[in-house]
Every structure is written in C-alpha cells, then in structure tokens.
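The values are calculated or read from the model by the stated rules, or taken from the named source; none is laboratory data. Values in this document were obtained by computation on a predicted structure and should not be read as measured data. All Cβ positions, glycine included, derive from the backbone under ideal geometry; neighbour counts span all protein chains shown.
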Amino acid sequence: MIRLERVTKRFGDVTAVDEASLGVARGEVLALLGPSGCGKTTLLRLVAGFEQPDAGAIEIAGELVSGRDTWVPPERRRVGMVFQDYALFPHLTVRENVGFGLARRERRARVAELLAIVGLEELGSRYPHELSGGQQQRVALARALAPSPELVLLDEPWSNVDSSMRETLRAEVADIIRPLGVTVVLVTHDREEAFSLADRIALMRDGAIVQEGTSEELYFAPASRWAAEFVGAANVLTGPVEHGLVRTPIGAFPVDRDGDRAEVEVLVRPELLELEPDPSGAGEVVAREFRGHDVFYRVRLGGVEVVSQRPSNEVVPLGSRVRVKLHNGRTAVLR
Ligand code: ATP
C-alpha cells in the first residue's frame, strides 16, 4: 500500500527524515514509533503530501506520488488523516464536519453511515466545542474515513487525553478501523500504544528507521541497546561467551551466538528475573518501586545492579537478601 524509497526531508540544517525506506502492506496497521523530534510527523506528512521530499520516492497503492519528476498533491492521494488536535471546523456541526469533503449527492447517506460507524448518530447537530475530547476524536476519524480512503494516517491521536481515557479510545478506534480493512499508519512516541495496536512497528531515531518488526521482535530482539531501552525496561549485562553460554553476574545462560567471544552485551528483560528470598543470597534489594500490578526491584549483586519486575502479590522487602534466577524466556545478544 505504501512504499518509501530512501526518502529524505531537510528543514534548513535539520535532516528531519534521513533516507527512510519502508513498506506497508494493504490492510496493515503500522506504528511509527520514536522519541520526540525523530521525524515521525514529517514522515507522515510526506506520505500525505503536505511536505515534498528532497530526495527519494513515495508510492501509494502502486502509484508514484512523490519522486524526482513526480508530484501528486494531497487531495489526489486518497489518504485520510487525523491530526493531533483533530482540526475540526469549529463553526460546522458534527454532520457538516464529517460531510465536508464529500460530493453533495452522496453526502447525506454517507454521513449517516459514518456517524453510525463511530457511534455518534445522536450528536450530528452539535458543534465541536459541545463534545468531549473522545467524541471529537471520533468525529475527526469519521471525517478522515468519509471519502473511503484506503489509507488512514493517525498523528498521535491520543496525545491530548489522560492515560485512563487513552486506553478506552485506543480500543474504540481499533474496533472502528479493523473491520473496515483500511491500511493505517499511526505515529506515536508511546510504546504501549504501538505494541497494543500495531501489526508491525517501524522504530525511528534521528530521522532514520532503525528497526522494523512485530511488537515481540522489537521487545525481545531489539537491533541495538538504544532500541532495547526505548521499547522497555532493560537489563544489559556483559560477559564472555564460551561454548554457547554467556557468563554474567546473574549466572551463566545460553545465548544465540556462535563461537566464543571475549565480551558481549546481552539483554534480559526485568520480568525474566525472579527473586528468591535467601539470607545467604548474593543479591540485595536496594530499591523497590510499586507500580500497581507489579513492582520493580533494584537488586545489587556481583558489582552491578539489575532490575526485576515481579507481580505485586509477591512481596520482597527492601534490604532483603535474594537469589536472582533467570526465568525461562527470550534474551538477546545486543553486541
Ligand atoms: P514529536 O513526537 O515531538 O511530534 P516527531 O518525531 O514527529 O516529533 P517531527 O515533527 O517530524 O518529529 O520533527 C523532526 C525534526 O524536524 C525536528 O527537529 C523538528 O524541529 C524539525 N521540523 C519539523 N517540521 C519543521 C518545519 N516545518 N520547519 C523546520 N523544522 C522542522
């Protein structure tokens, strides 16, 4: 549905998007994930046609829309977009907002259909300021979907709502979008949002796409230490590899790396570390952070500190001695 070939966009001295190549399959939900300022919004705007690339090519549904001698304007790209601030017309009703870009003859029926899809049949005559944030978002989504685009771009659609509301809205939007089978690109800096919604994630840093994969691939097999730490809490342990075993302060365990090495960096997610209270244990719990459904423990052992994430029904007091055990699970060699 989308193909980007080495797309570059500069603003003065800033290279906002740096030779980004990416493919998005038809019907796929792809999240563009990365820290603030890494170029996610610019990449989305390049796809929509609100920015022109300095180099590279963009294809949508097999048609070249941006290239060396080609430029298809945004209104001819058949792309729906939901902006961070929803960008609803304040002086138009919900019905008029949704019907804005539609031809007159189809407008009534299509608007009714969309209001039903997003569950706002009753609110068609209201103005945007008479709606909650979540309702405004549904109007914005209905407006983006109105011309039946095959591709919908969502730019941080939940950045203005509080975290408890965000989960509800996320689920709502997924329920609306999934059955329609449209291709979606979602920009977010929130890894949980990307994990829970996307079929695939493209991770961006400094304008470049540094990794593409499923949520599990990004979480358990990140391409670098930076990626490992960006997508979740991480223990990065170092040690030598001999006969397929890495020796670390938490003990030796198998790694997927051929040949002996003097030193590797290996990623162990905190939930893989179990704590067993033991007065003669090598570890000491030096900090305890209660998070609700689980607790993060910082444990000092063998000259390093590791983080263990345990369910909150398992209580290990601060200052206690423990043995740290690696639970069965995926570890990854980072370097
Ligand atoms: P955020 O999550 O904070 O919205 P982002 O990943 O979407 O960030 P972009 O908005 O794409 O990042 O910005 C990427 C870089 O390009 C930033 O350094 C930004 O300051 C710069 N930039 C973006 N748009 C413009 C512009 N119109 N003029 C000049 N610089 C720009």
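Just give me the residues in region 40-51 being within 6 Å of the ligand (Cβ to nearest atom) and touching a Lys or Arg at 6+ places or on another chain (Cβ under 8 Å), in sequence order.
Within region 40-51, the first condition is being within 6 Å of the ligand (Cβ to nearest atom), and the residues that meet it are 40-42.
Scanning region 40-51 gives a single hit, Thr42.
With respect to the conditions (1) closer than 15 Å to Leu267 by Cβ; (2) at pLDDT below 95, Gly213 falls short on a single one, namely (2).
I'd like to know if region 75-86 contains one or more residues that are of a type in the set (Lys, Arg), within 12 Å of the ligand (Cβ to nearest atom) and touching a residue at least 24 places away in the same chain (Cβ under 8 Å). Among the residues of region 75-86, not one is of a type in the set (Lys, Arg), within 12 Å of the ligand (Cβ to nearest atom) and touching a residue at least 24 places away in the same chain (Cβ under 8 Å), which makes the answer no. Given the condition modelled with pLDDT of 90 or more, crowded, with 23+ Cβ neighbours inside 10 Å and either in contact with a helix residue (DSSP H, G or I) (Cβ under 9 Å, 6 or more places away or on another chain) or in a helix (DSSP H, G or I) (or both), answer yes or no: does some residue in region 152-167 qualify? Checked region 152-167: at least one residue is modelled with pLDDT of 90 or more, crowded, with 23+ Cβ neighbours inside 10 Å and either in contact with a helix residue (DSSP H, G or I) (Cβ under 9 Å, 6 or more places away or on another chain) or in a helix (DSSP H, G or I) (or both).
Would you check if Leu180 is farther than 30 Å from Asp54 by Cα and buried (at least 22 other Cβ atoms within 10 Å of the Cβ)? No: the conditions fail for Leu180.
Of the residues making up region 304-335, those that are of a type in the set (Gly, Ala, Ser) and either closer than 24 Å to Arg257 by Cβ or part of a strand (DSSP E or B) (or both) are Ser308, Gly329, Ala332.
Among the residues of region 95-132, those identified as among the small types (Gly, Ala, Ser), closer than 26 Å to Ala171 by Cα and exposed (fewer than 14 other Cβ atoms within 10 Å of the Cβ) are Ala116, Ser125, Ser132. One residue alone among Glu271, Glu265, Glu212 is away from the ligand (no atom under 16 Å from the Cβ), more than 20 Å from Cys38 (Cα to Cα), touching a residue at least 60 places away in the same chain (Cβ under 8 Å) and not aliphatic (A, V, I, L, M), and that residue is Glu265.
Candidates are the residues of region 9-38 that are more than 18 Å from the chain's Cα centre (by Cα) and aliphatic (A, V, I, L, M); the one that is surrounded by the fewest Cβ atoms within 10 Å (Cβ to Cβ) is Val14. Among the numbered conditions (1) surrounded by fewer than 22 Cβ atoms within 10 Å (Cβ to Cβ); (2) within 10 Å of the ligand (Cβ to nearest atom), the only one that Arg6 does not meet is (2).
Which one is farthest from Arg200 (Cα to Cα), of the residues in region 12-39 that are in a loop (DSSP other than H, G, I, E, B) and more than 8 Å from the ligand (Cβ to nearest atom)? Write out each step before concluding.
Start the filter on region 12-39 by keeping residues that are in a loop (DSSP other than H, G, I, E, B), which leaves 12-13, 25-28, 34-39.
If we keep only those that are more than 8 Å from the ligand (Cβ to nearest atom) as well, we get 13, 25-28.
Details: Asp13: 31, Ala25: 10, Arg26: 12, Gly27: 12, Glu28: 8 Å.
Looking at residues that are in a loop (DSSP other than H, G, I, E, B) and more than 8 Å from the ligand (Cβ to nearest atom), I get Asp13.
Looking only at region 279-304, which residues are at negative phi, surrounded by fewer than 16 Cβ atoms within 10 Å (Cβ to Cβ) and of a type in the set (Gly, Ala, Ser)? Ser280, Ala287, listed by residue number.
Any residue at all in region 54-73 that is within 15 Å of the ligand (Cβ to nearest atom) and out of contact with any His (no Cβ under 8 Å at 6 or more places or on another chain)?
Here is the first cut: in region 54-73, the ones within 15 Å of the ligand (Cβ to nearest atom) are 54.
The next check asks that each one be out of contact with any His (no Cβ under 8 Å at 6 or more places or on another chain); those that pass are 54.
Yes, there is a match, as at least one residue in region 54-73 is within 15 Å of the ligand (Cβ to nearest atom) and out of contact with any His (no Cβ under 8 Å at 6 or more places or on another chain).
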